[in-house]
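> Please see the structure below; I have some questions.
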Amino acid sequence: MDGDREIEGHGTLRRGMAKDVWIGNVQSGMHDGCQVELKGWVKRTRGSNRIRFIVLRDSTGTIQCVAKREELGDDNFEQAASALIEASLIVKGTVNVDERAPGGHELVVSSVEIIGAVREDSPFPITESAMSAADGGETEFLLDNRHLYLRTGRMTTMLQIRSSVFGAIHSYFRDLDFVEYQAPCFVAGAVEGGSTLFEVPYFGRSVYLTQSWQLYAEAAMPALERLYTIAPSFRAEKSRTRRHLTEFWHAEMEIAWGGNEDVMKHGEGVVRHICKTLLEEREEELLSIDRDLDLIARYADNPYPRIRYDEAVETLQSMNVDIEWGQDLDYSKEKILTADFEVPHFLTHYPKMAKPFYHRVDPDDEKYVLCHDLLAPEGYGEIIGGGERTWSEKEILQRIDEEGTPRDPYQFYIDTRTYGGVPHGGFGLGVDRVCSWLSGADHIREVIPFPRDSRRVTP
């Protein structure tokens, strides 16, 4: 933008709007007694004809701004008084230390400039009453207005926690010299059950939205040996549990020359690293949503036990849960199993009949495969699924044929065994599930900006 420009009804917008001072810095004491310029949005406002109290927010916190008519003059005071909730402002003033003020500081205002006004006939719709009725963001009204709900304190906190989770995953793998690798979102065949595929018309034929990066990661494994990604995945599940979305974020890894135990070591490592990172970066945010930091410290500091599938089934049966050997554990059973866990547990050695063809059969007992799920405590259930891959050409063809899966869509995958197959394995971590678990959210929709499920694709 060249030069200055007029903002309708609000004077001139200066060239160069970069922000220099953040509210969080002011509340930390960095600017005590100093004159500052704050840029943010109105969270609350109240007052009289002589004095206005404006609670200003930005992404780092809030501060009370005290505007007095006698100091601002009539015109500027009236502009301050006209600023409605979520109007964007530039406020200048002096930072005053006051223990009575929220956060211990307030701003004594010398000028107010409205940048983005809110009309009186169209006030900000996300009210305190709407929030109190939300029950974790579950109301249709708040879901319909998600683009505005993002501005609330709780949602801002969830997104900040989410950012730290993503950052921790990246740092864990990059510190171990893993290479970030991307795979296509359009695929010809399923990674897991075909019934959960989203079919997409594609120039006269059908393709599918990917459920996982895995198959294409295995193609790159002989080149890169250690690789990972964080990417969206898609599953056409009509389930409406608190942990299911149709579009979700997957953190996945693949390693050459490794088996099920090696993969579990990395699964435990990345989850514990996420927990440590949150304690280092987001302690204040976690406390603001009443999360027990001792729990997260426990998850960060203690090893994760292993239990076999058979033991889990016996435990559930002893609790009068209706489950037969060979069945996969759905969320209702995982919730019961994990309710009393002190830390995450690995559930290993599922029956071969319960898992897809790419899981390697246990050479010590062919009824089982070398795989695992990592189950989170507090009733959250599975957050990681992984294991050792079938790596010989003979075995992969046998497994594909046993399941009645057509070979053609997977020929590229078979080729990775034909030409120098090698022991390898990997896992997929549900990033949104981890965010939900570690934040103590009631529903997975709380931790993603725009949730997608079987009923909702807007906004």
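The values are calculated or read from the model by the stated rules, or taken from the named source; none is laboratory data. Keep in mind it's a predicted model, so treat the numbers as computed, not measured. Every residue, glycine among them, receives a Cβ derived from its backbone with ideal geometry; neighbour counts consider all protein chains shown.
> Are any residues in the stretch 294-335 of a type in the set (S, T, N, Q) and more than 26 Å from THR277 (Cα to Cα), and if so, which ones?
THR315, GLN317, SER318, ASN320, GLN327, SER332 - these are the residues of the stretch 294-335 that are of a type in the set (S, T, N, Q) and more than 26 Å from THR277 (Cα to Cα).
> Something else: Could you tell me which of the residues VAL263, VAL271 is modelled with pLDDT of 95 or more, of a type in the set (Val, Ile, Thr) and over 18 Å from the mean Cα position of the chain (by Cα)? Talk me through it step by step, then tell me what you get.
Details: VAL271 fails: over 18 Å from the mean Cα position of the chain (by Cα).
Of the residues listed, the single one that is modelled with pLDDT of 95 or more, of a type in the set (Val, Ile, Thr) and over 18 Å from the mean Cα position of the chain (by Cα) is VAL263.
> Okay, moving on. Looking at the stretch 430-442, is at least one residue surrounded by fewer than 16 Cβ atoms within 10 Å (Cβ to Cβ), closer than 26 Å to MET158 by Cβ and out of contact with any helix residue (DSSP H, G or I) (no Cβ under 7 Å at 6 or more places or on another chain)? Don't jump to the end; show me each part of the working.
Restricting attention to the stretch 430-442, the residues satisfying the condition of being surrounded by fewer than 16 Cβ atoms within 10 Å (Cβ to Cβ) are 442.
Filter once more, keeping what is closer than 26 Å to MET158 by Cβ: 442.
When the remaining residues are screened for being out of contact with any helix residue (DSSP H, G or I) (no Cβ under 7 Å at 6 or more places or on another chain), the result is 442.
Among the residues of the stretch 430-442, at least one is surrounded by fewer than 16 Cβ atoms within 10 Å (Cβ to Cβ), closer than 26 Å to MET158 by Cβ and out of contact with any helix residue (DSSP H, G or I) (no Cβ under 7 Å at 6 or more places or on another chain), which makes the answer yes.
> Here's a follow-up. Of VAL271, VAL263, which residue is more than 19 Å from HIS424 (Cα to Cα), buried (at least 22 other Cβ atoms within 10 Å of the Cβ) and either outside the structural domain of HIS443 (by TED's automatic domain parsing) or out of contact with any helix residue (DSSP H, G or I) (no Cβ under 6 Å at 6 or more places or on another chain) (or both)?
On the way: VAL263 fails: more than 19 Å from HIS424 (Cα to Cα).
After ruling out the rest, the residue left standing is VAL271.
> State all residues of the stretch 25-59 that are surrounded by fewer than 16 Cβ atoms within 10 Å (Cβ to Cβ) and among the hydroxyl-bearing types (Ser, Thr, Tyr); if no residue qualifies, say none.
SER28, SER48, SER59
> Okay, next question. Quick check, is ILE161 part of a strand (DSSP E or B), touching a residue at least 24 places away in the same chain (Cβ under 8 Å) and under 27 Å from LEU279 (Cα atoms)? Lay out the reasoning, then the answer.
Working: part of a strand (DSSP E or B): no; touching a residue at least 24 places away in the same chain (Cβ under 8 Å): yes; under 27 Å from LEU279 (Cα atoms): yes.
So ILE161 does not fit the description; no.
> Which of the residues spanning the stretch 78-117 are assigned to a loop (DSSP other than H, G, I, E, B), surrounded by 15 or more Cβ atoms within 10 Å (Cβ to Cβ) and over 31 Å from the mean Cα position of the chain (by Cα)? Explain how you work it out, then say what you get.
The initial filter retains those residues of the stretch 78-117 that are assigned to a loop (DSSP other than H, G, I, E, B), namely 82-87, 98-101, 117.
Those still in the list that are surrounded by 15 or more Cβ atoms within 10 Å (Cβ to Cβ) too: 82-87, 101, 117.
Answer for the stretch 78-117, where residues must be assigned to a loop (DSSP other than H, G, I, E, B), surrounded by 15 or more Cβ atoms within 10 Å (Cβ to Cβ) and over 31 Å from the mean Cα position of the chain (by Cα): SER82, ALA83, LEU84, ALA101, ALA117.
> Here is a list: THR196, THR241, THR246, THR152. Which entry is of a type in the set (S, T, N, Q) and under 30 Å from ASP262 (Cβ atoms)?
On the way: THR241 fails: under 30 Å from ASP262 (Cβ atoms); THR246 fails: under 30 Å from ASP262 (Cβ atoms); THR152 fails: under 30 Å from ASP262 (Cβ atoms).
That would be THR196, the only listed residue that is of a type in the set (S, T, N, Q) and under 30 Å from ASP262 (Cβ atoms).
> May I pose another question? Looking only at the stretch 193-234, filter to residues that are among the hydroxyl-bearing types (Ser, Thr, Tyr) and surrounded by fewer than 14 Cβ atoms within 10 Å (Cβ to Cβ); which one of those is modelled with the highest pLDDT? Can you show your working first?
Within the stretch 193-234, the subset among the hydroxyl-bearing types (Ser, Thr, Tyr) is 195-196, 202, 206, 208, 210, 212, 216, 228-229, 233.
Adding the requirement that they be surrounded by fewer than 14 Cβ atoms within 10 Å (Cβ to Cβ) leaves 195, 202, 206.
Working: SER195: 70, TYR202: 95, SER206: 91.
Ranking the candidates gives TYR202 first.
> For GLU342, work out the one condition from (1) in contact with a strand residue (DSSP E or B) (Cβ under 9 Å, 6 or more places away or on another chain); (2) modelled with pLDDT of 95 or more it doesn't fulfil.
(1)
> Would it be correct to say that ASP292 is more than 30 Å from GLU395 (Cβ to Cβ), under 22 Å from the mean Cα position of the chain (by Cα) and surrounded by fewer than 19 Cβ atoms within 10 Å (Cβ to Cβ)? Show your work before the answer.
Values: more than 30 Å from GLU395 (Cβ to Cβ): yes; under 22 Å from the mean Cα position of the chain (by Cα): yes; surrounded by fewer than 19 Cβ atoms within 10 Å (Cβ to Cβ): yes.
Yes.
> Now a separate question. Only one residue in ALA101, ALA83, ALA134, ALA130 is under 27 Å from MET155 (Cβ atoms), assigned by TED's automatic domain parsing to the domain that holds ASP20 and at pLDDT below 95, so which one is that?
On the way: ALA83 fails: at pLDDT below 95; ALA134 fails: assigned by TED's automatic domain parsing to the domain that holds ASP20; ALA130 fails: assigned by TED's automatic domain parsing to the domain that holds ASP20.
So the residue among ALA101, ALA83, ALA134, ALA130 that is under 27 Å from MET155 (Cβ atoms), assigned by TED's automatic domain parsing to the domain that holds ASP20 and at pLDDT below 95 is ALA101.
> A further question follows. Please go through (1) more than 30 Å from the chain's Cα centre (by Cα); (2) within 28 Å of GLY440 (Cα to Cα) for PRO351 and return the number of the only condition it doesn't satisfy.
Condition not satisfied by PRO351: (2).
> Which condition number in (1) surrounded by fewer than 18 Cβ atoms within 10 Å (Cβ to Cβ); (2) at pLDDT 95 or above is the one that TYR331 fails?
Failing condition for TYR331: (2).
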